[in-house]
Amino acid sequence: MLTPILEDREMLRAKLLTTLDIVKQQAEVDATKIAAIGFCFGGLSVLNIARTGADIKGVVSIHGLLGKPGNATGAKIKSKVLVLHGWDDPLVPPDDVVAFTKEMTEAGVDWQLHAYGGTMHAFTHPEANDPNHGMAYSADADRRSWTAMANFLEEVFT
């Protein structure tokens, strides 16, 4: 189901920015204090929001896909970036992680990456139990990632 969306990154980008605009218009939202958090495909999505240069404080990608979209605008990333990643995630092999870190460094982004050893994709999902397909829950990585995210959000909002 994700293939058509991943093949049309411009459509995804437009939908993400429209959603962000709608969120900012809500009465209960302080538009100067927004962060985006996503898991798996949502992790890819929040990184895409950051890559548009959107004016948000931070993004957190949790076992998300890291690949740079072909339609990256070259906009300056304004948000801080936190990636929480299972090192043994077959959907995001080490070469992709290194490419991502190079991209963020070259763009001058304030970024962090926490890689959890012996950890696969979907490590925060207690029902994930398919190691043959690279998905397995990890209580330790789940706990550590939530702590890292809480620390990150405290930093970006103070």
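Where a number appears in this text, it was derived from the coordinates with a stated rule and is not lab data. Here the structure is a predicted model, which means the values were calculated and not measured. In this analysis, Cβ positions are derived from the backbone assuming ideal geometry, glycine residues included, and neighbour counts consider all displayed protein chains.
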Original post:
In the neighborhood of Lys24, defined by Cβ-to-Cβ distances under 12 Å, what is the net charge if each Lys or Arg adds +1 and each Asp or Glu adds -1?
Top reply: -3
**OP:** Please go through segment 96-158 and write out the GluC sites (Glu not before Pro) that DSSP classes as loop and that have at most 15 other C-beta atoms within 10 Å.
**Re:** Glu127
Original post:
What angle, in degrees between 0 and 90 and rounded to the nearest 10, separates the Cα long axis of helix 41-51 from the longest principal axis of the Cα atoms of the chain?
Top reply: 40
Original post:
Size of the dipole of segment 9-158 about the Cα centre, Lys and Arg at +1 and Asp and Glu at -1 on the beta carbon, nothing else charged, in debye to 20?
Top reply: 500
Original post:
Simple spin-label model, 7 Å along Cα-to-Cβ: Thr101 to Thr18 in nm?
Top reply: 3.8
**OP:** Kindly express, to the nearest 10 degrees and within the range 0 to 90, the angle between helix 94-106's C-alpha long axis and the longest C-alpha principal axis of the chain.
**Re:** 30
**OP:** Identify, among Ala150, Ala27, Cys40, the residue whose Cα sits farthest towards the positive end of the charge dipole of segment 3-156, taking +1 on the Cβ of Lys and Arg and -1 on the Cβ of Asp and Glu, with the dipole about the Cα centre.
**Re:** Ala27
**OP:** Between the alpha-carbon centers of segment 84-119 and segment 1-77, tell me the distance in whole angstrom.
**Re:** 17
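Name the trypsin sites (Lys or Arg not before Pro) in segment 61-135 that are in a loop by DSSP and that have at most 15 other C-beta atoms within 10 Å, would you? Show your work: numbers first, answer last.
On the way: sites: Lys76, Lys78, Lys80, Lys102; in loops: Lys76, Lys78.
Filter output for segment 61-135: Lys76, Lys78.
Take the alpha carbon gyration tensor of segment 3-156, find the square roots of its eigenvalues, order them as a ≥ b ≥ c, and report rounded if a/c is under 1.5; if not, report prolate when a/b exceeds b/c, else oblate. Mind showing how you got there, number by number?
Numbers: a/c = 1.58, a/b = 1.38, b/c = 1.15.
Here segment 3-156 falls in the prolate category.
Scan segment 1-38 for trypsin sites (Lys or Arg not before Pro) in coil per DSSP, keeping those whose Cβ has at most 12 other Cβ atoms within 10 Å, and list them by number. Display every interim value, and only then the final one.
Numbers: sites: Arg9, Arg13, Lys15, Lys24, Lys33; in loops: Lys33.
The qualifying sites are Lys33.
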Original post:
Which number gives the lysine pairs in the chain that have C-alpha atoms under 12 Å apart and are eight or more places apart or on different chains?
Top reply: 5
Subject >> Counting all C-alpha pairs of segment 63-136, share separated by more than 14 Å (%) >> reply: 62
**OP:** For segment 3-156, calculate the relative contact order in percent as a whole number, restricting contacts to Cα pairs under 8 Å that are 6 or more residues apart.
**Re:** 17
Original post:
Net charge near Pro131, counting Lys/Arg +1 and Asp/Glu -1 over other residues with Cβ under 13 Å of its Cβ?
Top reply: -3
